[in-house]
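See structure below.
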Amino acid sequence: MRILKPMVVLAFFILVCPCITPVEAQSQTPEGAQEFADFGDFKLQKGSVIHDFRIGYRVLGKLNPDKSNAILWPTWLGGTSQDLLQFIGPGKVLDPVKYFVILVDAIGNGVSSSPSNSKTQPSMEFPQFTIRDMVEAEHQLITEVLHLSHLHAVMGVSMGGMQTFYWILAYPYFMDAAIPMAGSPESTSFDKLLWTAEIDAIESDPAWNHGSPSKQLTTGIALAKEIDEMNSTSPAYRVAHTDVTEFDGFLSQIKETARASGGAASDQIRQRQAIIQLDIPKDLGMTLEQTAKKVHARLLIINSPQDHYGESNSRLRVWRCGWRACGESGLRLWTSEPELYLRRPYSRTLLGRPLVGSHNDVA
């Protein structure tokens with residue numbers, strides 16, 4: 001997704017803290033290498049079970065003596081932990097010299113248990129899962145495999161932002177800070193329409209064969225990517241970056257690269273279905289206002305008003321609810337928009353400001 005890099009580069013400032021003396025690594029696995037944890041039968045929120053469940057993850061950096069520098073970063077829609085590695089390193093979003101970074105592959109991304117890699121539940125035999133299921137798998141990884149009882153922060157982009165919202169509400173005392181980017185605690189009717197349209201596009205491919213793919217999918221994947229392109233950026237961005245004389249080439253490139261096996265197409269469908277079902281307030285038996293008051297972590301919500309992933313009005317509602325919660329419970333909340341961050345670099349003098357109010361207040 002084109003918006004990811006400028007957004008994640010902005011999140012670093014809330015996490016800056018005094019340098020920490022690292023302890024010895026917890027294992028001999030090369031730093032950042034792909035690892036897996038096996039959980040056997042994993043029961044899902046709706047009652048189904050993923051058999052032989054495994055979750056993929058990568059760790060970078062070292063835990064400090066009191067285990068207070070761990071940061072969890074789950075993947076976005078279709079993303080992998082390998083995609084996140086580009087943001088980890090000295091001078092990047094997260095510095096592994098300071099932090100113990102945990103990158104997690106969300107269920108259904110083709111690395112963790114997914115329709116594309118399950119031997120016993122292949123393709124659409126793989127049960128539907130939810131954003132809550134992703135978070136529960138991550139919690140099990142953090143507590144039972146990595147043996148951590150607390151995190152310094154949870155952060156994520158897009159579907160990763162949705163997981164971040166679930167973390168701060170399902171486990172409100174588990175982290176000190178949270179940064180959901182281009183995420184939302186609930187899917188609006190527009191969100192549902194967007195992801196349903198992309199699923200319908202995939203399933204329109206003749207090779208889909210009513211959920212029993214006969215061969216590689218092309219036309220349906222291309223149509224879904226076209227819909228994706230319309231929503232991942234603004235009309236102004238597309239006009240500015242694709243001249244009308246270049247449009248045929250732009251469209252041809254989408255079609256030429258649109259390929260997916262039946263399993264990979266099923267991955268795309270199942271993750272989109274998880275997003276469509278997202279409704280954290282309903283799951284917790286609360287209103288949106290009540291969920292905002294449940295937050296105990298320092299919270300920075302980064303919104304992307306230019307894309308249509310996670311309709312912006314829903315995010316604005318969250319911000320307004322959070323503002324009321326600030327006044328009542330002393331929560332610190334800074335709501336802002338990514339493009340404001342890009343106008344100038346942040347200095348360390350800003351990092352110590354109380355995270356209350358809007359970035360528009362900062363000169």
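The values are calculated or read from the model by the stated rules, or taken from the named source; none is laboratory data. A quick note: this is a predicted structure, and the numbers were derived from the prediction, not measured. Here the Cβ is made from the backbone with ideal geometry for all residues, glycine too, and neighbour counts use every protein chain on show.
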### Task
For the stretch 173-180, state whether one or more residues are at pLDDT 90 or above, closer than 30 Å to A153 by Cβ, among the acidic types (D, E) and not in a helix (DSSP H, G or I).
yes
### Message
Just to be sure I understand, how many residues within the stretch 121-171 are in contact with a Lys or Arg (Cβ under 9 Å, 6 or more places away or on another chain) and in a loop (DSSP other than H, G, I, E, B)?
### Response
9
### Single unsatisfied condition, G183 versus (1) closer than 19 Å to W76 by Cβ; (2) not in a loop (DSSP other than H, G, I, E, B)
(2)
### Query
Any residue at all in the stretch 243-254 that is outside the structural domain of S113 (by TED's automatic domain parsing), within 25 Å of M124 (Cβ to Cβ), among the charged types (D, E, K, R) and not in a helix (DSSP H, G or I)?
no
### Query
Which numbered condition trips up V101, out of (1) over 20 Å from A274 (Cα atoms); (2) not in a strand (DSSP E or B)?
(2)
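So that you can scan it fast, the table gives a plain yes or no per residue for (1) more than 25 Å from G61 (Cβ to Cβ); (2) touching a helix residue (DSSP H, G or I) at 6+ places or on another chain (Cβ under 6 Å); (3) at pLDDT below 95:
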{"residue": "G108", "(1), (2), (3)": "yes, yes, no"}
{"residue": "S113", "(1), (2), (3)": "yes, no, no"}
{"residue": "K119", "(1), (2), (3)": "yes, no, no"}
{"residue": "Q140", "(1), (2), (3)": "no, no, no"}
{"residue": "E144", "(1), (2), (3)": "no, no, no"}
{"residue": "S149", "(1), (2), (3)": "no, no, no"}
